[in-house]
Amino acid sequence: MEGSNEVRGGIMARLRVGVLGLNHDHVWGNLAALNDNELGQAVAAADPDPRLRERLAREHGGVEALASYDALLERADLDAVLIFADNRASAELGVRALGRGLPVMIEKPMAADLAGADAVLTAARKAGLPLMVNWPTVWRPALRHGLALVRSGAVGEPVQLSHRGGHAGPREYGCSPQFCEWLYDPTRNGGGALVDYCGYGAILCRTVLGRPDAVTAVARHLRKEGLPAEDNAVVILRYPRALGLLEASWTQIGAEPALAMVVFGNAGTLLVHQPKATREGEKAGAGRIQLVTPGGSEWIDPPALPADERDGPSYFLSRIAAGRAVEGLCAPEVGRDAQEILAAALRSSASGREVTLPLTAS
């Protein structure tokens with residue numbers, strides 16, 4: 001893959017980026033990050049909701065607001081797209097954008113189901129274009145350094161990895177009405193709290209432990225009124241010599257425990273302490289790492305991330321400009337395998353049985 005920045009007027013031109021969908025609240029922080037980056041700029045964004053287009057005009061007046069996705073995809077002046085629609089629409093839009101020759105950054109978890117994830121990945125491979133799955137937690141220094149320490153052998157051989165994600169619910173957390181509308185719709189979202197939060201732990205398990213042999217899950221609607229999907233879930237990933245534990249909640253009071261990842265190894269335990277954002281759109285702090293070994297406990301402050309890895313758009317643009325593949329936690333193969341874990345978890349919860357991987361058509 002070759003870099004795609006043109007030289008215009010003797011200087012390297014900024015990549016012209018379109019945005020498909022504005023009803024995913026993560027879009028606003030990513031739009032700001034995109035326009036702060038010298039490698040690219042948003043030139044147009046499309047969403048059928050006039051309220052979201054009005055917000056775009058207020059906050060990003062230089063970005064053209066379009067009412068249809070077709071109008072944006074038909075533009076000939078785009079170099080790439082970011083996708084922030086509902087999970088089902090995002091996968092469909094990703095396939096269309098890649099088919100038109102546009103590199104794609106798609107907001108997590110990639111799709112509403114495994115078929116959607118496979119379709120986007122297949123489209124990217126067929127087109128030979130970059131596809132990135134943006135997970136907001138990837139840009140937190142403590143988590144990244146914690147993973148590096150685990151890879152370096154700081155805890156020995158990993159035996160268990162756990163991740164919990166939760167809050168009191170999208171509405172209580174401060175999500176917009178447009179975001180809540182599809183988060184509470186299991187067809188557009190793919191599920192409920194499990195799909196929203198267990199993917200974060202799934203990419204960690206996939207990175208540290210690999211693809212699991214089997215998945216067991218219990219996902220239940222326990223408290224949340226007006227939600228036709230699960231509001232709490234527990235997922236266990238089985239490996240030959242390890243276990244993964246993923247927890248999700250939309251009924252949790254308070255932000256504690258503020259742990260982005262815990263890895264229990266045969267030589268130590270590593271805990272990534274990550275202050276959580278208390279409302280949608282707020283940026284989390286850098287965090288700290290606690291490493292416990294037989295010799296004692298130490299606290300580690302993570303180094304800052306490189307400038308091209310400070311947020312999703314920065315990484316995406318840098319990969320396109322340099323002609324380099326998307327790697328690590330945001331690689332499409334990792335996102336696809338995380339989607340498979342989510343699909344297996346939903347299938348396990350529905351059947352009451354362990355589900356082995358790889359998945360076969362249901």
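Every number here is computed from the coordinates shown, using simple stated rules; none is lab data. Here the structure is a predicted model, which is why all the values come from computation and not from measurement. FYI the Cβ positions are ideal-geometry reconstructions off the backbone, even for glycines, and counts take in every protein chain you see.
Here are a few things to note about the model shown:
- Phe264, Phe179 arranged by Cβ crowding within 10 Å, fewest neighbours leading: Phe264, Phe179
- Rounded to 10°, Cα long-axis angle of helix 50-59 versus longest principal axis of the chain: 80 degrees
- Between Val63 and any residue 5 or more places off or on another chain, the built amide H atoms are never under 5 Å apart.
- Radius ratio Rg over Rh of the range 268-355, counting only Cα atoms, Kirkwood formula for Rh: 1.08
- Relative protection proxy for 35-48, 127-140, from highest mean packing down: 127-140, 35-48 (other beta-carbon atoms within 10 angstrom).
- Dipole check for the chain: with +1 at the C-beta of Lys and Arg, -1 at the C-beta of Asp and Glu, and the Cα centre as origin, the magnitude is about 460 Debye.
- Selected from Arg220, Arg310, Arg55 as most flexible by GNM, with the chain as the system and alpha-carbon contacts under 10 Å: Arg55
- Phi-derived couplings, Karplus 6.51 cos²θ - 1.76 cosθ + 1.60 at θ = phi - 60°, listed residue by residue for the range 122-138: 4, 5, 5, 5, 5, 7, x, 10, x, 10, 10, 9, 8, 10, x, 5, 4 Hz, with x used for Gly and Pro.
- Calculated diffusion of the chain, Stokes-Einstein form, Kirkwood radius summed over Cα pairs, 10 °C and 1.306 mPa s, µm²/s: 76 µm²/s
- Rounded to whole numbers, the Karplus 3J(HN,Hα) couplings from phi for the range 333-338 are 5, 5, x, 5, 5, 5 Hz, using 6.51 cos²θ - 1.76 cosθ + 1.60 with θ = phi - 60°, and x at Gly and Pro.
- R0 of 25 Å, Cβ-Cβ distance Glu157-Leu359: FRET efficiency to nearest 0.05: 0.35
- Arranged from fewest to most other beta-carbon atoms within 10 Å of their beta carbon, Ile320, Ile106 become Ile320, Ile106.
- Quotient of C-alpha Rg and 2.2 N^0.38 Å, computed over the range 106-253: 1.11
- Neighbours of Arg51, meaning other residues whose beta-carbon lies under 15 angstrom from its beta-carbon, give a summed charge of -3 when Lys and Arg score +1 and Asp and Glu score -1.
- With Rh defined as the Kirkwood radius, the inverse of the mean 1/r over Cα pairs, the Rg/Rh of the range 186-268 is 1.00.
- Mean ellipticity per residue at 222 nm, deg cm²/dmol - from DSSP H runs of n ≥ 4 across the chain, formula -39500 (n - 2.57): -10500 deg cm²/dmol
- Between the amide H of Leu259 and those of Gln274, distances stay under 5 Å, these residues lying 5 or more places away or on another chain, with hydrogens modeled in the peptide plane.
- Diagonalising the gyration tensor over the Cα atoms of the range 95-152 and scaling each eigenvalue by 5 before taking the square root yields semi-axes of 27, 12, 11 Å, largest first.
- Coupling constants for the range 146-157 follow from the phi torsions by the Karplus curve (6.51 cos²θ - 1.76 cosθ + 1.60, θ = phi - 60°), and in residue order they are x, 4, 5, 5, 4, 5, 7, x, 4, 10, x, 7 Hz; glycine and proline get x.
- Projecting the Cα atoms of Trp250, Gly174, Val235 onto the charge dipole of the chain (Cβ charges, centred on the Cα centre) puts Val235 farthest toward the positive pole.
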